[in-house]
Amino acid sequence: MATAEHQVQAPVTDHAATSTGLPNMKLAIWLFLASEVSPADFDHVYTNLNPRDHFPGLLALVYAHRESRTDGDHFVSTLIAPHRGNERLFGLDIVRQPANLAAVFRSRDSDQPALSAPFALVQMAGRDVAADGVILRLPIFTQGPRPATVTERRERLRGSLGVSFQIHRVIETALPADVLERAKRAWDPAGVAKRAVRIVRERRLDAVDGSPLTVDVPTICVHGDASNALEVARAVRERLQAEGIDVVPLARMLHDEEE
């Protein structure tokens with residue numbers, strides 16, 4: 001039998017469940033419509049959602065139960081999945097994390113998902129990885145009609161469901177490898193110079209998938225973080241000059257446009 005801390009009930013709106021972008025997140029919300037939720041139930045829902053296949057940066061799904069004390073409301077983490085790697089979250093009081101707590105209150109008052117400001121995640125402390133993270137929070141209310149006012153939402157808030165993410169992992173996996181370079185590579189100077197001439201002469205360029213793009217730009221930027229950036233810049237300049245194309249300082253070009 002689940003303890004009182006695990007008795008969670010919540011008629012959360014479909015919009016609040018689906019606008020997060022997490023696949024089948026409403027299944028996790030519907031779990032809380034049951035009269036009692038055990039840790040095993042919580043683990044089962046997490047396993048069925050299989051969220052890390054869709055969001056590699058996702059660290060944990062956590063329910064924090066609201067506890068009213070003499071010094072105000074506290075939100076204690078009582079249900080956590082997966083357990084492995086998130087052991088430090090058990091019993092964590094969100095009051096100790098201002099950015100996290102602020103997201104709890106925003107989601108409560110709006111009955112909408114709320115994303116926290118970035119902060120150091122507890123479960124990542126002491127590890128040889130970045131601890132930067134954010135938490136998406138969803139309000140869990142007591143059973144009954146949907147609370148229509150802020151006052152009613154504050155009174156009926158039972159707890160908060162949170163989904164934590166590592167920021168750097170979210171960024172790394174948001175774009176395909178051919179768009180986001182994980183390690184800067186050297187570029188073929190002759191190939192870059194040839195493309196630069198084509199941009200000037202034809203106003204055309206090929207995208208990474210081979211499709212043609214029309215571009216009309218007055219400048220060419222060579223990023224300095226490639227290992228052979230100076231060699232590339234030199235090759236581009238020499239090839240443009242060899243083609244009879246003037247290469248002028250940016251300040252001069254801007255001055256000519258003003259005149």
One residue from A120, A81, A103, A125 being farther than 29 Å from T149 by Cα, of a type in the set (A, V, I, L, M, F, W, C) and surrounded by 15 or more Cβ atoms within 10 Å (Cβ to Cβ): A81
Within segment 61-102, of all residues that are touching a residue at least 40 places away in the same chain (Cβ under 8 Å) and in a helix (DSSP H, G or I), the one nearest to G133 (Cα to Cα) is N100
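Tell me which residues, restricted to segment 181-192, are part of a loop (DSSP other than H, G, I, E, B) and at pLDDT 70 or above. Let's see the steps before the verdict.
Within segment 181-192, the subset part of a loop (DSSP other than H, G, I, E, B) is 181-188.
Across segment 181-192, the qualifying residues are R185, A186, W187, D188.
I'd like to verify a number: residues in segment 136-162 that are in contact (Cβ under 8 Å) with a residue 60 or more places away in the chain and not small (G, A, S), how many?
So in segment 136-162, the residues in contact (Cβ under 8 Å) with a residue 60 or more places away in the chain come out as 136, 138-146, 157-162.
Among the residues that remain, those that are also not small (G, A, S) are: 136, 138-143, 145-146, 157-158, 161.
The number of residues fulfilling the criteria is 12.
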Scanning segment 193-218 residue by residue, those over 25 Å from E238 (Cβ atoms) and either modelled with pLDDT of 90 or more or among the polar types (S, T, N, Q) (or both) turn out to be S211, T214
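Check whether at least one residue in segment 160-180 is in a loop (DSSP other than H, G, I, E, B), surrounded by 11 or more Cβ atoms within 10 Å (Cβ to Cβ) and at pLDDT below 80, and report yes or no. Walk me through it before giving the result.
Here is the first cut: in segment 160-180, the ones in a loop (DSSP other than H, G, I, E, B) are 175-180.
Okay, now just the ones that are also surrounded by 11 or more Cβ atoms within 10 Å (Cβ to Cβ), so 180.
Applying the additional criterion that residues be at pLDDT below 80 yields 180.
Within segment 160-180, one or more residues are in a loop (DSSP other than H, G, I, E, B), surrounded by 11 or more Cβ atoms within 10 Å (Cβ to Cβ) and at pLDDT below 80.
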Say we look at segment 211-254 and pick out the residues that are more than 36 Å from the chain's Cα centre (by Cα) and part of a loop (DSSP other than H, G, I, E, B); which of these is farthest from V197 (Cα to Cα)? P249
Can you tell me which residue in segment 34-83 is nearest to R153 (Cα to Cα), limited to those that are aromatic (F, W, Y) and modelled with pLDDT under 90? F42
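The values are calculated or read from the model by the stated rules, or taken from the named source; none is laboratory data. Model, not experiment: these values are computed from the prediction. Cβ atoms come from the backbone with ideal geometry, glycine included; neighbour counts cover every protein chain shown.
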